[in-house]
Protein chains: 2
Amino acid sequence: MKQSLGAKTLLYPTPVLVVGTYFEDGRPNVMTAAWGGIACSRPPCVSVSLRAATATHGNIIARKAFTISLPNRAQAAAADYFGLVSGRKADKFAATRLTPARSELVDAPYVAEFPLIVECEVTAVHELGLHTQFIGEVKDVKIDGACLDAEGHVDVGKLDPLAFAPDTGAYFALGALIGPAYSIGKSFTTETSS
Amino acid sequence: MKQSLGAKTLLYPTPVLVVGTYFEDGRPNVMTAAWGGIACSRPPCVSVSLRAATATHGNIIARKAFTISLPNRAQAAAADYFGLVSGRKADKFAATRLTPARSELVDAPYVAEFPLIVECEVTAVHELGLHTQFIGEVKDVKIDGACLDAEGHVDVGKLDPLAFAPDTGAYFALGALIGPAYSIGKSFTTETSS
């Protein structure tokens, strides 16, 4: 029996997106956001939604660029910290002893130690209400070589990314492989044609 | 050492969104999408991106509404099937023996057996390229009572949602709880003030 929870932002899982930007004075900043995802395949685009009150929002408006650094399980506390304090008041890289790396493709820094980096140029800005949605065209994805399998594909087990659960507000690891996409559903195709 | 993978749509994890719509003749349809997420907190909005070639795209343009039904682990094959075939050619509810339920709030059906339902009214349409991004304002979220904890919050373990991994194209379960958000990062706050 279904129960109503009201008009809430509940989808599972959401990603944990560490958004890298430069302040006007060139100081690197990062903040963590969970409202976002992949938005388009061609050109490759991601979206991330931020409140106008955040320093990152202003930085993106000014520089038209951001990066997304994906943390792994061991980096969860640092990613959580990036969402707790404002870069206006703290040097988040210094506090976590992580390293800002300058993107050579877009005007934004990323977290050198995080395993997967998405470098984005802003192509659209959508005012949705409390949050502004930024569309970023992906200029490159960089990954630690140790997170690739023998065929050069992303090995999700080695990447070990975080998933965020809204409502209770918690980070989870990914678990068991359930099966390959565009494949496990074929059982129903057979069924209909029989 | 980071390796470049090129300009690709790689973020981990993405959700598995089963999008429910009505055809012009009132027939219910569902398709599975992984490009989307939460987009705004107030008003509560989600986004989902679809190719114009899909039946669901046309249905949303016509009816200005859609639902998202989140499958659990046991429903992964049905969700995969929903992404494999077109509703123009197959009755996907009949093939999977799942039940279309009519939303009382928006002009779209959902999958009655899936544990979490998000009912959305379209408030914006963004043409991004191959994909059109639909912004849906959440009118209600419905959940199976069995997926709630004692305090009435979503129990992620009981919900048992799917996560999609791009590149290799695979479904994963969620795994271990890593820790509470807005909490595990406080260790770094202490560090900076010491």
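The values are calculated or read from the model by the stated rules, or taken from the named source; none is laboratory data. What you see is a predicted model, and the numbers here were worked out from it, not measured in a lab. Glycine also receives a Cβ, built like all others from the backbone with ideal geometry; neighbour counts cover every protein chain displayed. Accessible surface areas use protein heavy atoms only, side chains included; no ligands, DNA or RNA. Shrake-Rupley method; radii C 1.70, N 1.55, O 1.52, S 1.80 Å.
Between chains B and A, what is the buried accessible area summed over both chains (1.4 Å probe, protein heavy atoms, nearest 100 Å²)?
Summing both sides, the interface buries roughly 8400 Å².
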Inter-chain shielding of B:93-103 (mean C-beta neighbours from other protein chains, 10 Å cut-off):
2
Does chain A come out rounded, prolate or oblate, given a ≥ b ≥ c as the square roots of the eigenvalues of its C-alpha gyration tensor, rounded meaning a/c under 1.5 and, failing that, prolate meaning a/b above b/c?
prolate
Could you size up the charge dipole of the stretch B:121-193 around its Cα centre, putting +1 on the beta carbon of Lys and Arg and -1 on that of Asp and Glu, and report it in debye to the nearest 20?
120 debye
Where in the stretch A:4-32 does accessible area fall by at least 20 Å² between the isolated chain and the complete protein assembly, at a 1.4 Å probe radius?
A:SER4, A:LEU5, A:GLY6, A:ALA7, A:LYS8, A:THR9, A:LEU10, A:LEU11, A:TYR12, A:PRO13, A:PRO15
Exposed GluC sites (Glu not before Pro) being those in a DSSP loop with at most 13 other Cβ atoms within 10 Å, the longest stretch of chain B free of them is B:25-103
Around B:LEU105 (Cβ within 14 Å, Cβ-to-Cβ, excluding B:LEU105; K/R +1, D/E -1) the net charge comes to +1
Of the accessible area of chain A, with the probe set at 1.4 angstrom, what percent is carbon plus sulfur?
52 percent
Taking a ≥ b ≥ c as the square roots of the eigenvalues of the Cα gyration tensor, with a/c under 1.5 meaning rounded and otherwise prolate when a/b exceeds b/c and oblate if not, the stretch B:27-91 is oblate
Subset of A:LYS89/A:LYS142; A:LYS186/B:LYS89; A:LYS8/A:LYS92; A:LYS64/B:LYS64; A:LYS64/B:LYS8 violating a 22 Å alpha-carbon distance limit:
A:LYS89/A:LYS142; A:LYS8/A:LYS92; A:LYS64/B:LYS64
Note on the protein assembly as shown: alpha-carbon gyration tensor, axes a ≥ b ≥ c; rule is a/c under 1.5 for rounded, else prolate if a/b larger than b/c, else oblate; result prolate
If pairing requires two Cys Cβ atoms under 4.7 Å apart, which cysteines of chain B are left without a partner?
B:CYS120, B:CYS147
Below 8 Å between Cα atoms, with a sequence gap of 6+, how large is the relative contact order for chain B in percent?
23 percent
For a label point 7 Å from the Cα of A:SER187 along Cα→C-beta, name the residues of the stretch B:96-130 whose backbone N is under 18 Å from it.
B:96-99, B:113-115
Accessible area of the protein assembly as shown divided out per residue, in Å², using a probe of 1.4 angstrom
38 Å²
For the stretch A:74-176, which trypsin sites (Lys or Arg not before Pro) pass both filters: DSSP loop (anything but H, G, I, E, B) and at most 16 other C-beta atoms within 10 Å?
A:ARG88, A:LYS89, A:ARG97
Extension gain from A:THR123 to A:LYS8, taking 0.36 nm per residue of separation minus the Cα-Cα distance
38.6 nm
